[in-house]
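*Asks:* Here it is, the structure, as C-alpha cells.
The values are calculated or read from the model by the stated rules, or taken from the named source; none is laboratory data. Because the structure is a prediction, the values reported are computed rather than measured. Here the Cβ is made from the backbone with ideal geometry for all residues, glycine too, and neighbour counts use every protein chain on show. Protein only, heavy atoms only, side chains kept; ligands, DNA and RNA dropped before computing areas. Shrake-Rupley method; radii C 1.70, N 1.55, O 1.52, S 1.80 Å.
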Amino acid sequence: MSAQTPTATRATATAPRTTGAHASAGGRRTLRKVLWGAQILIAAFLLIASALPKFAGQADAVRTFEEIGWGQWLRYVTGAVEAAGAIGLVVPRLAGLAAAGLIGLMGGAVLTQLLVLEPAWALLPVGFAVVFAAVAWDRRAESRQVLRLPKR
C-alpha cells in the first residue's frame, strides 16, 4: 500500500504548476521591459547626442558631413530622421515601425563609416541595428495594427 493518502495525492495533482505558457509569458514580459529600457536610452542618445548637434550646426557634425561629401542638407535630413525615430521609439504603438525605419538609417551609417569615415566606428550603428531589430520583432503586432488603414 502507498504511504500517500488519497487527499495528499489529490492536493499534489491539483497544485499549480509552471507550464511552458506561463514561463514564456514571464520571459516575454522580461524581454519587453529590457527592450523598453534600451529603447528609452537609445532614444535619448539619438535625440540629445545625435540629432540636436546636427540641427544646431555643431562643428563636429558640420565637419563630418563635409567629409561625407554630400552637402549639409544630409545633416539636416539625418537629424530629422533620428529625431523622428527617437520619438517613435518611445510611443508604444509606433515603436516597431520606428525601429524598422531606424534599421535603414543604421545601415547607411555603417556603410558611411566603413567607406568614408572611420571603419571601427561602424560597430556602434551595428549594435543599435541589432536592438532595433529586436524591438521591431517584439512590436510586430502593434506595427500590423498601425499599418491596417481604415477603409472608407
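*Asks:* If you plug each phi of the stretch 81-98 into the Karplus form 6.51 cos²θ - 1.76 cosθ + 1.60 with θ = phi - 60°, what whole-Hz ³J(HN,Hα) values come out, in order, with x for Gly and Pro?
*Replies:* 5, 5, 5, 4, x, 4, 5, x, 4, 9, 9, x, 5, 9, 4, x, 5, 4
*Asks:* So for the pair Ala49, Arg28, with labels modelled 7 Å out along Cα→Cβ, what separation do we get in nm?
*Replies:* 3.3
*Asks:* Sticking with this one: Where does the charge balance sit around Ser143 when Lys and Arg score +1, Asp and Glu -1, over other residues with C-beta under 15 Å from its C-beta?
*Replies:* Its environment carries a net charge of +4.
*Asks:* Just add up the charged neighbours of Ala95: K/R +1, D/E -1, any other residue whose Cβ is under 14 Å from the Cβ of Ala95.
*Replies:* +4
*Asks:* Using only the C-alpha atoms of the stretch 35-111, find the volume of their convex hull and express it per residue in Å³. Don't jump to the answer; show the numbers that get you there.
*Replies:* Details: hull volume 6.2 nm³, N = 77.
Taking only Cα atoms, the stretch 35-111 has a hull volume of 80 Å³ per residue.
*Asks:* May I ask you to give the percent of accessible area on the stretch 17-152 that is carbon plus sulfur, with a probe radius of 1.4 Å?
*Replies:* In the stretch 17-152, the share of accessible area belonging to carbon and sulfur is 69 percent.
*Asks:* Would you mind giving the three semi-axes, in whole Å and largest first, of the ellipsoid equivalent to the stretch 22-152 according to its Cα gyration tensor?
*Replies:* The three semi-axes for the stretch 22-152 are 30, 17, 13 Å.
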